[in-house]
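Working notes, beginning with the structure itself.
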2 protein chains.
Amino acid sequence: MTKRIITISREFGSGGRFIGEEVAKKLGIAYYDKNIINEIAEKSGLSPEYVLENAELSPKKGLFAYAFAGRDMTGKSVEDMVYEAQRKVILALAEKEPCVIIGRNADYILKDRDDVMNVFIHGDMPEKTQRIMCLHNVGTQEAAKMMADTDKRRMTNYNFYTEQKWGYAGNYTLCLNSSRLGYDRCEKIIMECY
Amino acid sequence: MTKRIITISREFGSGGRFIGEEVAKKLGIAYYDKNIINEIAEKSGLSPEYVLENAELSPKKGLFAYAFAGRDMTGKSVEDMVYEAQRKVILALAEKEPCVIIGRNADYILKDRDDVMNVFIHGDMPEKTQRIMCLHNVGTQEAAKMMADTDKRRMTNYNFYTEQKWGYAGNYTLCLNSSRLGYDRCEKIIMECY
């Protein structure tokens with residue numbers, strides 16, 4: 001089966017989101033990122049603000065706190081409910097149309113489909129730091145902190161819900177170092193493989 | 001600086017060696033794999049047979065045994081001597097000419113050069129098993145055992161000497177799933193990025 005869906009996982013500051021958006025534009029297919037927050041909020045009954053803060057990044061306190069987070073009588077935490085709503089939204093999107101989906105463990109959620117190409121975008125410290133400083137108007141130290149914090153939370157969320165290792169090559173069809181290859185080259189490779 | 005060296009790390013059965021050899025042929029550059037065994041043997045004072053068995057794959061017994069292997073008065077084990085000889089040979093090759101180097105932690109050994117592109121080739125179980133069965137004339141179970149054993153030894157060797165994780169995307173410029181992308185596509189991507 002030809003590929004219809006591209007999932008993009010990425011390190012913070014690697015330009016993965018930008019690359020994914022460009023690829024979607026150039027291929028003329030749908031692009032899903034923060035624009036699915038409202039749908040997840042509706043399905044989970046939680047506010048869009050809460051979902052935005054928690055859907056991909058929880059927990060703030062690390063895996064241990066996560067595993068022992070407050071749970072309701074069915075054993076589900078609020079994080080679990082957000083995750084379940086997110087899972088359903090992503091499954092429905094993949095069914096609906098060819099698209100690029102950024103983050104949100106979509107590679108794992110769609111693992112039973114054979115029309116998905118999973119991409120991981122990473123980069124080198126100096127280039128990632130520079131990008132974060134420009135985009136968020138912060139200094140070097142603040143950029144380094146944002147990077148460490150965001151990637152740690154993405155990794156914890158991924159490892160907890162997928163029982164796989166975030167950033168391990170075996171989970172992805174393609175892994176690209178955007179600092180070494182450049183954004184244009186990354187886009188070109190992804191489009192060629194689609 | 002433009003890239004001169006391509007290192008290829010690979011899962012057993014993923015076709016990484018084949019892909020590397022084809023890339024070297026097509027680019028018209030040198031190809032180093034088992035053909036450097038004699039040089040490593042000469043430098044380390046050990047037999048080529050011993051180097052072949054141990055240079056990339058030691059230890060058979062896992063990391064714990066490795067760390068506590070018999071050491072001489074300088075604290076060096078025989079494995080360390082092989083590794084040191086291998087390191088010197090790889091540094092000299094990279095200095096000499098543009099080339100493809102297969103395995104042997106070359107990505108890490110050459111980490112201080114900025115003209116190196118590091119590639120990791122991996123694949124899916126069914127395709128890797130099939131390839132091993134054909135190449136080594138063995139059954140499914142034996143192929144699975146060879147794969148698990150070889151990759152475990154490669155991983156242990158890599159993790160021990162580099163203090164990085166084998167197969168973790170961040171160590172490589174490009175990671176490619178050869179089962180999903182096909183060997184031709186992998187070769188094409190590597191050559192485009194060179």
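For B:Gly170, the conditions (1) touching a Pro at 6+ places or on another chain (Cβ under 9 Å); (2) within 16 Å of B:Thr7 (Cβ to Cβ) all hold with the exception of (1).
Quick one: how many residues across the stretch A:116-147 are more than 14 Å from chain B (Cβ to nearest Cβ) and either of a type in the set (A, V, I, L, M) or on the phi < 0 side of the Ramachandran plot (or both)? Full working, then the answer.
Here is the first cut: in the stretch A:116-147, the residues more than 14 Å from chain B (Cβ to nearest Cβ) are A:129-146.
Remaining after also requiring either of a type in the set (A, V, I, L, M) or on the phi < 0 side of the Ramachandran plot (or both): A:129-136, A:138-146.
Counting residues in the stretch A:116-147 that are more than 14 Å from chain B (Cβ to nearest Cβ) and either of a type in the set (A, V, I, L, M) or on the phi < 0 side of the Ramachandran plot (or both) gives 17.
Within the stretch B:159-171, restricting attention to residues that are in contact (Cβ under 8 Å) with a residue 40 or more places away in the chain and assigned to a loop (DSSP other than H, G, I, E, B), the residue that is most open to solvent (accessible area, probe 1.4 Å) is B:Gln164. Within the set B:Lys96, B:Lys76, B:Lys43, the sole residue that is at pLDDT below 75 and open to solvent by 40 Å² or more (accessible area, probe 1.4 Å) turns out to be B:Lys76.
State which residue is farthest from B:Val89 (Cα to Cα) when the search covers only the stretch B:28-40 and only residues that are open to solvent by 50 Å² or more (accessible area, probe 1.4 Å) and touching a residue at least 12 places away in the same chain (Cβ under 8 Å).
The first filter runs over the stretch B:28-40 and keeps only residues open to solvent by 50 Å² or more (accessible area, probe 1.4 Å), leaving B:28, B:34-35, B:38-39.
Next, from what is left, pick out any that are touching a residue at least 12 places away in the same chain (Cβ under 8 Å): B:34, B:39.
Values: B:Lys34: 12, B:Glu39: 7 Å.
The selected residue is B:Lys34.
Scanning the stretch B:172-194 for residues that are facing another protein chain (nearest Cβ under 8 Å), open to solvent by 10 Å² or more (accessible area, probe 1.4 Å) and within 12 Å of B:Met117 (Cβ to Cβ) yields B:Glu192, B:Cys193. With respect to A:Arg131, is the statement that it is open to solvent by 10 Å² or more (accessible area, probe 1.4 Å), under 14 Å from the mean Cα position of the chain (by Cα) and not β-branched (Val, Ile, Thr) true? Considered against the rule, which asks whether it is open to solvent by 10 Å² or more (accessible area, probe 1.4 Å), under 14 Å from the mean Cα position of the chain (by Cα) and not β-branched (Val, Ile, Thr), A:Arg131 comes out as no. Just so you know, in the stretch B:10-27 the residues that are open to solvent by 10 Å² or more (accessible area, probe 1.4 Å) and more than 22 Å from B:Thr140 (Cβ to Cβ) include one that is nearest to the chain's Cα centre (by Cα), and it is B:Glu21. Considered as a group, the residues in the stretch B:156-171 that are more than 7 Å from chain A (Cβ to nearest Cβ) and out of contact with any Leu (no Cβ under 9 Å at 6 or more places or on another chain) include one that is farthest from B:Lys76 (Cα to Cα), and that residue is B:Asn171.
Within the stretch B:116-136, is even one residue touching a Ser or Thr at 6+ places or on another chain (Cβ under 9 Å), small (Gly, Ala, Ser) and assigned to a helix (DSSP H, G or I)? No, every residue in the stretch B:116-136 fails to be touching a Ser or Thr at 6+ places or on another chain (Cβ under 9 Å), small (Gly, Ala, Ser) and assigned to a helix (DSSP H, G or I).
The values are calculated or read from the model by the stated rules, or taken from the named source; none is laboratory data. The structure displayed is predicted, hence computed values, not measured ones. Methodologically, a virtual Cβ is constructed for each residue, glycine included, from the backbone with ideal geometry; neighbour enumeration extends over all protein chains shown. When the accessible area is computed, the model is the full protein with side chains, heavy atoms only, and any ligands, DNA or RNA have been set aside. Shrake-Rupley method; radii C 1.70, N 1.55, O 1.52, S 1.80 Å.
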